Amino acid sequence: MSRPIVSSTFQNYLELHAAPLYPIEARSSMSKPAVRKFSSLMKKPLLDRLKAEANRNGQTVRHLLEQAVEHYLKVVLPSVRPVRPEVLRHIEASFEEHKELIKRLAKLKS
């Protein structure tokens, strides 16, 4: 009995979360995107799991990493909305300006 190349759980994940950045029609007529080699470090247990999953599903580590980065850039990062540095400066200035009032309010709460 042969095992499926891609587990159903992983396939469901890909269908829900890892849509390609380019529509399939657009990709077919486009030339291959340029690739650039780089190196990085990763915790050994995490890399071992990644390699095992890639091997089990007949995929490359590069493919899984590219999908993970695409998902992060497309889905995760836009939802995080980091606070801009100028906003933080204004908040810090306001806290400094109202330091005594904040201390008095803290005493009332306790």
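A short reminder: the numbers here are calculations on the coordinates, not readings from a lab. Owing to the predicted nature of the structure, the values given are computational and were not obtained by experimental measurement. In this analysis, Cβ positions are derived from the backbone assuming ideal geometry, glycine residues included, and neighbour counts consider all displayed protein chains.
Computed values, structure above
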| read-out | value |
| --- | --- |
| Straight-distance crosslink candidates among lysines, where the alpha carbon sits under 30 Å from Lys32 and sequence neighbours closer than 8 are dropped | Lys51, Lys74 |
| Cβ-derived FRET efficiency at R0 30 Å, Leu77 paired with Leu101, nearest 0.05 | 0.25 |
